[in-house]
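The values are calculated or read from the model by the stated rules, or taken from the named source; none is laboratory data. Because the structure is predicted, anything quoted here is derived from the model rather than measured. Cβ coordinates were reconstructed from backbone atoms using ideal geometry, including for glycine residues, and neighbour counts include every protein chain displayed.
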Amino acid sequence: MKTTRRAVIGGVLAMPAVARAQSAARVVVVGGGFGGASAARALRRVAPRVEVTLVEPNATFFACPFSNEVIAGLRDMAAQQFGYAHMAAAGIRVIPAAATAIDAEARRVTVSDGRTLDYDRLILSPGVDFAWGALPGYTEAAAATMPHAWKAGPQTLLLRDRLAALPEGGLVVMSAPANPYRCPPGPYERASLIAHYLKTHKPRAKLILLDSKDAFSKQRLFQNAWKALYPGVLEWVSLSSGGKVIEVDAAAGTVKTDFETYKPDLANIIPPQRAGAIAAAAGVADRTGWCPIDPVTFESRLRPNIHVIGDAAIAGGMPKSAFAANAQAKACAQAVADLLDHAIPAEPRLINTCYSLAAPDYGFSVAGVYRPANGVLTDIEGAGGTSALDAPVETRAQEARYAESWFKTITAEAFG
């Protein structure tokens with residue numbers, strides 16, 4: 001039995017070129033988003049003799065990054081759609097069904113068409129589900145009236161169309177949930193781009209962003225942008241100022257905080273979230289609704305031979321983002337290949353880069369580097385950073401262009 005150690009790098013750095021030589025191992029990947037798709041493709045690269053099966057019920061994946069531009073009428077939805085044809089071409093078996101049950105003892109996945117899939121290792125990338133009812137009044141039915149658009153697809157188009165139909169002088173109310181949730185800076189980018197739409201198309205309209213937090217990702221960068229671009233258009237109400245939404249009434253069209261009840265022309269409610277439902281079914285989600293993992297291998301701390309990546313994982317200081325899911329997928333794929341080969345997985349270094357747009361030509365970013373420490377993924381101090389607060393408009397425009405290049409790169413890596 002051979003034991004090896006190798007550096008494992010996530011994010012934008014390349015995977016090791018040395019391939020594994022397993023012949024009969026079976027790995028099932030559940031979930032075809034940025035995490036699952038990237039994991040399946042990475043595993044084929046580092047362990048080409050492993051049988052890799054991707055379980056994903058949807059023929060088309062709708063990407064959340066840049067979907068805020070769709071809502072604001074700045075981008076066509078077609079640019080957000082990706083398929084799985086390249087998976088089959090790479091030798092990955094794709095099962096177009098949903099995983100409905102996981103037997104961790106038997107190492108078996110049951111899918112919605114009745115088939116069962118045996119595995120040696122299972123990688124779960126189930127994304128998020130909404131904690132319906134955690135916000136009183138906000139149910140799945142209420143989302144048809146007060147769209148969340150926090151899973152890209154039909155909800156994105158619903159919010160886009162509702163925004164376009166907003167009366168001149170109308171009021172939009174958004175709510176941002178408490179941590180943790182998918183894409184920490186996402187609500188603030190959305191508020192910015194909706195404000196851009198209002199300023200451009202409905203200049204007498206207003207947006208109020210109600211927040212369950214006093215601090216948020218890239219806060220000073222966003223607030224500087226709002227001050228420069230959207231005075232009188234966008235108002236942020238923090239937790240301490242009464243911004244926490246405590247109840248909604250979809251039938252009455254009201255949004256209630258401790259201090260005030262709003263009756264907007266359009267309400268965009270981003271609800272509390274938890275790991276995708278299959279995580280709980282597999283027994284890998286704890287009482288928080290999220291999945292504790294080993295930060296080196298991403299193996300569940302609750303169920304052996306099951307690895308959890310992406311938004312569903314409790315990843316310490318690493319945020320829930322598309323780039324983080326992609327980086328975790330590559331590190332997890334290498335760890336799974338090592339474990340199948342009876343090798344000791346190396347400690348990974350993982351990168352996250354996140355771009356945000358405050359306007360079509362106004363972008364900024366944050367980057368972080370993470371390593372396992374004290375049982376979690378921890379930010380390496382001084383290894384990352386954010387865009388300069390005093391950057392000139394030319395730099396902001398350049399970062400907006402970089403954001404588009406980032407999107408093209410990560411979607412190509414995940415979906416081919």
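Looking only at the range 265-288, residues that are farther than 30 Å from residue 208 by Cα and in contact with a helix residue (DSSP H, G or I) (Cβ under 6 Å, 6 or more places away or on another chain) come to 2 in all. Entry remark, the range 206-232: residues being in contact (Cβ under 8 Å) with a residue 60 or more places away in the chain and outside any helix (DSSP H, G or I) number 2 in total.
Can residue 178 be described as of a type in the set (A, V, I, L, M), outside any strand (DSSP E or B) and without any contact (Cβ under 8 Å) to a residue 60 or more places away in the chain? The answer is no for residue 178.
Could you look through the range 244-299, keep only residues that are assigned to a strand (DSSP E or B) and small (Gly, Ala, Ser), and pick out the one that is farthest from residue 31 (Cα to Cα)? That would be 267. Only one of the numbered conditions (1) at negative phi; (2) modelled with pLDDT under 95 is not met by residue 109, and that is (2). Say whether the condition of being of a type in the set (Phe, Trp, Tyr) and under 20 Å from residue 187 (Cα atoms) is met by at least one residue in the range 368-385. No, that holds for no residue. If I filter the range 174-183 for residues that are at positive phi, in contact with a Lys or Arg (Cβ under 9 Å, 6 or more places away or on another chain) and surrounded by 21 or more Cβ atoms within 10 Å (Cβ to Cβ), do I get at least one hit? So far as the range 174-183 goes, yes, one or more of its residues are at positive phi, in contact with a Lys or Arg (Cβ under 9 Å, 6 or more places away or on another chain) and surrounded by 21 or more Cβ atoms within 10 Å (Cβ to Cβ).
Conditions tested, residue by residue: (1) in contact with a Pro (Cβ under 9 Å, 6 or more places away or on another chain); (2) modelled with pLDDT of 95 or more; (3) within 24 Å of residue 44 (Cβ to Cβ).
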| site | (1), (2), (3) |
| --- | --- |
| 327 | yes, yes, yes |
| 344 | no, yes, yes |
| 359 | no, yes, no |
| 363 | no, yes, no |
| 368 | yes, yes, no |
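Being part of a loop (DSSP other than H, G, I, E, B) and of a type in the set (S, T, N, Q) is the filter here, so list the residues in the range 126-175 that pass it. Correct list: 139, 145. State the number of residues belonging to the range 82-114 that are in a loop (DSSP other than H, G, I, E, B) and without any contact (Cβ under 8 Å) to a residue 40 or more places away in the chain. Qualifying residue count for the region: 4. Can you find a residue in the range 117-140 that is more than 27 Å from residue 331 (Cα to Cα), of a type outside the set (Asp, Glu), crowded, with 24+ Cβ neighbours inside 10 Å and at pLDDT 95 or above? Scanning the range 117-140, I find at least one residue that is more than 27 Å from residue 331 (Cα to Cα), of a type outside the set (Asp, Glu), crowded, with 24+ Cβ neighbours inside 10 Å and at pLDDT 95 or above, so the answer is yes. Taking the listed residues 414, 329, 337, 403, the one that is in the same structural domain as residue 52 (by TED's automatic domain parsing), touching a Ser or Thr at 6+ places or on another chain (Cβ under 8 Å) and part of a helix (DSSP H, G or I) is 329, with no other qualifying.
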